[in-house]
Amino acid sequence: MAALFFALMLLAGHPFEEKPAEDESSGKLAKVHRIYVDILTGGDSALQIRDLLMTSLQRSKIFVITEDEDKADATLKGSGSDEIFTDSFQSSEGINAHSQLSGGTSGSTRNVSSSASSRSGSLSIGENESRHTLERKHEAMATVRLVGKDGDVIWSATAESLGGKFLGASADVADKIAKRLTIDYTAAKKETPKP
């Protein structure tokens, strides 16, 4: 009897098998509607990125952004930075040529007049060009994860930017993360069967 039960379990698949982690995360992501954006680590610039993330997620019109963590289905946590720095470029080019030619003859004897001959020549060409350029750059980066009420990480992403055509670096990072979450959420909704 036990052998028959075991054979049936093998044929039917074990009913207690866990879903693959990716399917489980996708299912949890599909159920997220209300998000709390936690304070990001990374100083003052991270606070600005947090505000921009909240705006970008709210603008997607898919999620409700809440200031009350207890009401949220999931919490967005992570870190962010926004730095301004100067790149320095230095280059130098040059062409130089030098040439010198000289020669001479000299002679003297006692009762004879002395004679001397000398030749000399010189050529010098040179051109040098040196450039020093300073370029001010702005770079932002954020790494975030969406954490469910049970403490499991449902979704994560990293975005970097030197600034977009119409957005600053921080706003571009926030926009990239919001778009990625929206795309992944929409895909998870399509994959999740409706009850």
(request) Run the quick spin-label model on Ile95 and Asp150: label points 7 Å from Cα toward the beta carbon, then report their separation in nm to one decimal. (result) 7.4 nm
(request) Could you pull out which residues in the stretch 154-195 have an amide N less than 16 Å from a spot 7 Å beyond the Cα of Thr55, following the Cα-Cβ vector? (result) 163-179
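On a full-extension model of 0.36 nm per residue, what is the gain between Ser120 and Glu160, subtracting their alpha-carbon distance, rounded to one decimal in nm?
Numbers: separation 40, 0.36 × 40 = 14.40 nm, distance 6.58 nm.
Extra length from Ser120 to Glu160 when fully extended: 7.8 nm.
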(request) Pull out the extension gain between Ile183 and Ser130, defined as 0.36 nm times the separation in residues minus the alpha carbon to alpha carbon distance; nm, one decimal. (result) 14.1 nm
(request) Let me know the shape class of the stretch 56-105, please: from the alpha-carbon gyration tensor, a ≥ b ≥ c as square roots of the eigenvalues, rounded when a/c is under 1.5, otherwise prolate if a/b is greater than b/c, or oblate. (result) prolate
(request) Just grab the label-to-label distance for Val64 and Thr41, each label 7 Å out from Cα along the Cβ direction, in nm (one decimal). (result) 3.1 nm
(message) Could you tell me the relative contact order of the stretch 31-93? Use alpha-carbon pairs under 8 Å, at least six residues apart, and round to a whole percent.
(response) 48 percent
(request) Using a 10 Å cut-off on Cβ atoms, rank the peptides 145-154, 172-181 from the highest mean neighbour count down. (result) 172-181, 145-154
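Any read-out appearing in this document is the output of simple, stated calculations on the displayed coordinates, not a laboratory observation. It should be emphasised that the depicted structure is a prediction, and the values quoted were computed from it without experimental measurement. All Cβ positions, glycine included, derive from the backbone under ideal geometry; neighbour counts span all protein chains shown.
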